[in-house]
Structure formats: C-alpha cells, structure tokens
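The values are calculated or read from the model by the stated rules, or taken from the named source; none is laboratory data. Everything quoted here is computed from the prediction, not taken from an experiment. For neighbour counting, all protein chains shown are included, and Cβ atoms are generated from backbone atoms with ideal geometry for every residue, glycine included. Keep in mind that these areas ignore ligands, DNA and RNA; they rest on the heavy atoms of the full protein, side chains included. Shrake-Rupley method; radii C 1.70, N 1.55, O 1.52, S 1.80 Å.
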Amino acid sequence: MVTLTHRIKRIVTALSLAVGFSLPALAQETTLDELYQDLLAADAGAYAAIEDEIFATWDKSRSPAMDLLLQRGADALLDGNPQAALEHYTALIDHAPHFAGGYFGRASAYYILGLTGPALNDIARVLQIDPRQFRAIDGLAVIMEDLQRPEDALELYQMILAINPQSVPAMDAVARLQLQLEGEAL
C-alpha cells in the first residue's frame, strides 16, 4: 500500500530531479511538443530519458533568479520545511506568474501542510498553463484518492497514461484502483 508520505516523496523527488536539468530557453516550446510526441512513441527502455527532458523543460523559467527560487523551494521541501518552501514558491509566482513550476511546487507545499483547497487551485493553474503536465495530474489524482474519490483518481491516472503510456506509477495506480473498484462493486 502506498502511504501518504511515499506519495509526497514521489512528487517532491520528481520536482527535485527536474530542477537539475536545463535546456536552451529558445527551444523550449517546440521541444516540449516534440518531447510529448516522443514520449507517446517511446518504448520501456527510452521513456525515462524523455520524461527527464520533459521535467527539465517544465522546470526552467528562463531566468536564473527564478530558477534559484524554484531550487530553494525544492530544497526546503526535501529538508522537511514546507512553510519555507511555500514562501519561496510564492515569491517565484509573484515574479513569474506564467511559470507552471512555481505553482506545482507551491501546490506540493500546500498539500504537505494539509491545505487541500489551495493545492487544488495551484494544480488547476499548472494545468491551465500546460494541460499535459502529468506531474500535476498525478498530484491531483493523489488528492482525489485522499478525498475518497477513487473513480476520479482512476480517470486521472488513465489521463496520465494517454500522455505518458510507459509511466509505471500510473500503470500501478490504475491496476490498484481498478481492483479496488471491482471489489467495491461486489
């Protein structure tokens, strides 16, 4: 059984790993579309590298100062200080309101602090900026499970698989939730 702590660590780890990569700023928009297409066609051996490139693209603000705020927020989350992370991510959002990485990080901090409503608002903002941001969809699915809404969570994990068909965590979640819902139907 996946614990709440494990889910949080999965989200924070994905955020932290992505912060360490970089791509040329001018190529980001085109590259992201290409990467999503590559991800759809990737086999089990190639998808992880493509996924890492997507994470890197998501988490590059095109500003070293904003990237530093993002890194400080991620470091605070890893250090177990979601309040400090919240402050870094809020500062990032104030200075770069069209950068989804700040909203995703702040949603993670809100979630850890038990503030589900604000976390949902920030996830919605991420998905307005990039509807294919499967980390945000995953975060939303985790919240749906916490709210005892397994049907909604299942649908969200299936959405992830439509974007990222090789996602092992999403496949595992789909199998787990389908089994759970079949058991409830009996």
Inset, instruction - Please work out the Cα center distance from segment 34-65 to segment 141-174, rounded to the nearest Å. - result: 19
Legend entry - With all protein chains modelled, accessible area of Asp146 [1.4 Å, Å²]: 60
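Scan segment 55-163 for chymotrypsin sites (Phe, Trp or Tyr not before Pro) in coil per DSSP, keeping those whose Cβ has at most 10 other Cβ atoms within 10 Å, and list them by number. Walk me through the numbers before you get to the answer.
Working: sites: Phe55, Trp58, Tyr89, Phe99, Tyr103, Phe104, Tyr110, Tyr111, Phe134, Tyr157; in loops: Phe99.
Those that pass, being in a loop and sparsely packed, number zero.
Given a 1.4 angstrom probe, I'd like the percentage of the accessible area of segment 45-186 that is carbon and sulfur, rounded to a whole number. List each step's numbers first, then the result.
On the way: 3610 of 6460 Å².
Of all accessible area on segment 45-186, carbon and sulfur atoms account for 56 percent.
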Legend entry - Shape category assigned to segment 77-131 from the gyration tensor of Cα positions, a/c cut at 1.5: oblate
Inset, instruction - Would you tell me the accessible area of Val174, worked out with a 1.4 angstrom probe on the heavy atoms of the protein chains, in Å² to the nearest 10? - result: 20
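Label segment 28-186 by shape, choosing from rounded, prolate and oblate, from the square roots a ≥ b ≥ c of the eigenvalues of the Cα gyration tensor; if a/c is under 1.5 it is rounded, and otherwise prolate applies when a/b is larger than b/c, oblate when it is not. Present the calculation step by step, with values, prior to reporting the outcome.
Details: a/c = 2.21, a/b = 1.25, b/c = 1.76.
Here segment 28-186 falls in the oblate category.
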